[in-house]
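J.: What follows is a structure written as structure tokens; I'll ask about it next.
The values are calculated or read from the model by the stated rules, or taken from the named source; none is laboratory data. The shown structure was predicted, so the numbers you read here are calculated from the model rather than taken from an experiment. All Cβ positions, glycine included, derive from the backbone under ideal geometry; neighbour counts span all protein chains shown.
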Amino acid sequence: MVTNERSQTSVEKAKGERLAGRRRERGAVMAEFALVLPLLVILVVGIAEFGIAFNRAQAVEAAAREGGRLASLSSTTGGQVTTRVNAALAGIPLTSGPTVTVSPASCAGREGQSITVTVTPTDAVNIPLLPTMTAHLRGQAVFRCEA
């Protein structure tokens, strides 16, 4: 009977050692996860913020095209172009309103030549655990003046 008790004790001892080893491993895994989690969050949210910034850059480019189409008509003023660009950007949340530049100022008497509309707003890029960054967006459209 003494041998049975000893063998049970050694089996229980081995079980206890395995459980203690697993607990240490679980603690190490938790510590590693705690170190990697902030980097993973920054990466995932950074990818999402980049997608949002890219979408806004595309909207600025489309607004410049809208303004360029309108500016290519000889009877259009710079104020009308600015109004059209602002209307095109109405649903896009930007940090600052766009600056609209029309060069030359009008297509009147310039049929066949080109006119350029440039739209430049700013936008904030917010990634957790990093300082807020400012993105200077720029959209430009060149159209041929029409009669």
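J.: Can you tell me which residue within the stretch 77-130, out of those that are charged (D, E, K, R) and touching a residue at least 24 places away in the same chain (Cβ under 8 Å), is nearest to Ala57 (Cα to Cα)?
T.: Of all residues in the stretch 77-130, those charged (D, E, K, R) come to 84, 110-111, 123.
Narrowing the set further to residues that are touching a residue at least 24 places away in the same chain (Cβ under 8 Å) leaves 110-111, 123.
Numbers: Arg110: 30, Glu111: 30, Asp123: 9 Å.
Looking at the filtered set, the residue picked out is Asp123.
J.: Now a separate question. How do the pairs read when you match residues in the stretch 33-53 that are closer than 14 Å to Ala135 by Cα and modelled with pLDDT of 90 or more with residues anywhere that are of a type outside the set (Val, Ile, Thr) and surrounded by fewer than 13 Cβ atoms within 10 Å (Cβ to Cβ), using Cβ under 7 Å and keeping only pairs 6 or more apart or on different chains?
T.: Glu49/Asn126
J.: Out of Ile115, Ile92, Ile127, report the one residue that is modelled with pLDDT under 90, surrounded by 15 or more Cβ atoms within 10 Å (Cβ to Cβ) and not hydroxyl-bearing (Ser, Thr, Tyr). Don't jump to the end; show me each part of the working.
T.: Values: Ile115 fails: modelled with pLDDT under 90; Ile92 fails: modelled with pLDDT under 90.
When all the criteria are applied, what remains is Ile127.
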